[in-house]
Amino acid sequence: MQKRWAIASCSDRMASQRLRKELGIHKILADLLINRGVGTFEDARRFFRPDLSALHDPFLMRDMDKAIARIEQAIGNKEGVLIYGDYDVDGTTAVAVVYNFFRQFHSRLEFYLPDRYAEGYGISTQGIDYAAENGFSLIIALDCGIKALDKITYARERGIDFIIGDHHLPGDQLPAAVAVLDPKRTDCPYPYKELPGCGIGFKIIQAFIQKNNMDIQQCYQYLDLVAVGIASDIVPITGENRVLAHFGLQKLNTNPCCGLQSLIDLSTHKSSHFTVNDIIFQIGPRINAAGRIDHAKDAVKLLVSKSMQEAFVYSSSIDLQNSQRKDFDIRITEEALAIIDGDDILKQRKTTVVFKPDWHKGVIGIVATRLTEKYYRPTVVLTQANGHVSGSARSVVGFDLYQALNSCADLLDQFGGHKYAAGLTMKPENIALFEQRFEEVVSASILPDMLQREIGIDAVLQLSDINAKFFRILRQFEPFGPQNEAPLFLSNQVNAVGNAMVVGGSHLKMTVMQLGSATFECIGFGLGEYAKAINRGVPFDICYTIEENVWRDKRSIQLNVKDIRF
C-alpha cells in the first residue's frame, strides 16, 4: 500500500535560529527541539538533562493524604493488605513496585491479579471475596478500579476499604473508596496527567517515604520497573514520565532487579544499551505472556524475586509461555489473513471483522493489531468461550473506534476502551448483524485519507550532515516514545553502493550514499521487495531513523529505513 509522506516544517523559525546559536547545534536539531516544545535554553537544559528533583510533590495528587493515612493505619494495626493490579505489564509492574516496597516493614501483605479468562479486566467480585475470606481489610488497586462503582460498594459491604490508583479516564461518578488517586480526575490539581498505573504506584511509595522522613533513594530503586511499565503502556514520554523513564532506563542498563535481569538474559538483544523500543519488543511481551497464556501472578512473582535463582525459575516458565503466545499469534494471524484473502466482499470493505470460535483469547488483540497494519482499516477480531463471543478492536490514525462501537452498542453485551483500541463482548447470534452495522457506521464516517497510512517525516536531511556529533546529540533526545518519537528523516536521491540484499526472508539490507557523503549501512524491516528495483541502479528517496548498530563489539551508525520511493 502506497503511504503518504507528510513532511513537518519548523513551527517557529526565529526561535529555532536563536536556539541553534545558544546551543551550537545543527539547524535540523534545533527545529526538532522547537517542534517538541523546547523553545529556550532553559527548556533544552531540562530536556537534555532530566533531574529527579523535577518530580512533582506526590501530595499534590487529590486524596494522596487520605491514601497514606489509611496505609499507615493498616500497618500500625497489622491489618491484611492486598495489592491488586491489572494483568498487563503496567499492572504487574505497578503491583511489583508497591509490594516490593511495603513488604520491607509489613508482613500481612499479598498481591492479587485477576484471571483474564475467569474474571476479566479490573476489580472482580472473586477478588473481593478472596480478600474477605482471607482477612484482608484494605485493597490497594493499581491500574484499574476508576469505574468499578458497584464492586467498591460490594467491598464496603464486606468490610473492605479500597485505595484506587488508576490512570484511566473517570466516569461521571467516582467509586466510594477511601482514596481515589487519578490525575485525570477533573478535581485533581496534580500537574502531570499522563502517569501510567506503575507511575501512580511509584507516587504512593514516594508519598509514604516523604511523610515518614525516609531516605528518598528507597523509591528510586524501583525505577527500572517503572520504566518498563511506562514503555509498555505506550504513554507519552513527556514531563514526569520522561524523567522516570530516563533514570529507569539507566538502572535497567546498569543494575536491574533480579526479575528484569533474568528477562534481559533471555532476550535476543545484543547491545548493552536497552531502550524503550527494546522494552516494548523484548521485555514487555514476555511479562504480558504470563497473563495471556496462564496467569499474571507468575509475572509478579518474577518481578518481586529476591535472587537470580528464584527469578530464573519464573522467567524460564514465562519465556516458554511467550513462545506459546508467538505460536498462537502466528497461527491465528495466518488463519485470519486466509479468511480475508478468500472473501472478495471482505477485501473491498472499509473494516475488517473476523471470527473463529477456537482462537485463543489471549492473543486476539495482537492479531487485531497485525491485521490493522496489513490492511490499514478499523479491525475487530472475535473468538468464543463459554457461550460468549469476545473481541479486540483496533483503529487507524484519526478514526474514533470507541464512538463507532458506541453506535453498535445495542448489539453488544459490553464494550470499553478508547479511540484506538477497545474490547467487546456479544452474543453469538449478533456477529453477522454487528459485522454489517460496524461496516455501515465506519463507511459513513471515515475519511478517505484515514485509510491510507501516513508517514510523518520530521525533516529533510543530507546524508553528509550525519556525523558523530549529530548522532551524539540526537541520542540525547531519548528516551523515545509517544510525543517524543525517534525523529524520522528524509534523504532524496540516494544511491545504493553494491547490491541490496534480502535477509531474514523479507528484510532489506543495503549500503547507501549521496553525492559527497559517507556510506551508511541500512536495514529495512519488511522492505525486501524493493531490492530488485534498487539493484537496477536508479536513485531513490528514503525515510529513516538513525540508530546505533552493534556487531561483534563494533559500533556504527545505521539507518533504519521505514519507506522507499523511486
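Within a straight-line Cα-Cα reach of under 15 Å, LYS203 can be paired with the following aspartates and glutamates, leaving aside sequence neighbours fewer than 8 residues apart in one chain: ASP57, ASP63, ASP65, ASP90, ASP143, ASP166, ASP182, GLU194, ASP215, ASP224, GLU240.
Among beta bridges from DSSP that stay inside the chain, the antiparallel ones total about 60%. In terms of packing, defined here as the mean over residues of other Cβ atoms within 10 angstrom, the peptides 230-238, 542-550, 278-286, 94-102 line up highest first as 94-102, 230-238, 278-286, 542-550. Using a cutoff of 8 angstrom between alpha carbon atoms and counting only pairs six or more residues apart, the relative contact order for the stretch 342-451 works out to 24 percent. Per residue, the average separation of C-alpha pairs within less than 8 Å and at least 6 apart gives the stretch 58-319 a relative contact order of 21 percent.
Annotation for ASP327 and THR186: the two label points, set 7 Å from Cα along the Cα-Cβ direction, are 5.1 nm apart.
Just grab the label-to-label distance for GLN452 and GLN348, each label 7 Å out from Cα along the Cβ direction, in nm (one decimal). Calculated label separation equals 2.1 nm.
Annotation: extensible slack from SER445 through ARG475 equals 6.8 nm (criterion: 0.36 nm per residue apart, minus Cα-Cα distance). In terms of its Cα atoms, the chain spans 75, 59, 48 Å along the principal axes, sorted from long to short. A Förster radius of 30 Å, combined with the Cβ-Cβ distance separating GLU334 from LEU433, puts the computed FRET efficiency at roughly 0.65.
Straight-line reach from LYS509: taking Cα to Cα under 23 Å and skipping same-chain neighbours fewer than 8 places apart, the lysines in range are LYS3, LYS270, LYS374, LYS532, LYS554, LYS562.
For the pair ALA118 and ASN213, a Förster radius of 56 Å applied to the C-beta separation gives a FRET efficiency near 0.80, rounded to the nearest 0.05. Here r is the Cβ-Cβ distance between TRP551 and VAL460 and R0 is 35 Å; the resulting FRET efficiency, rounded to 0.05, is 0.75.
Subtracting the Cα-Cα distance of LYS3 and ARG536 from their residue separation scaled by 0.36 nm leaves 189.6 nm.
Listed by chain and number, the lysines whose alpha-carbon sits under 27 Å from that of LYS21, ignoring those within fewer than 8 places in the same chain, are LYS469. Distance between the 7 Å Cα→Cβ label points at LEU149 and ASP65: 2.7 nm.
Summary value for the chain: 11 percent relative contact order, contacts being C-alpha pairs under 8 angstrom separated by 6+ residues. Extension gain, ILE234-ARG45: 0.36 nm per intervening residue step, less the Cα-Cα distance, totals 65.5 nm.
No value in this document is a laboratory result; all are computed from the given coordinates. Here the structure is a predicted model, which is why all the values come from computation and not from measurement. We place every Cβ from the backbone using ideal geometry, glycine too, and count neighbours over all the protein chains shown.
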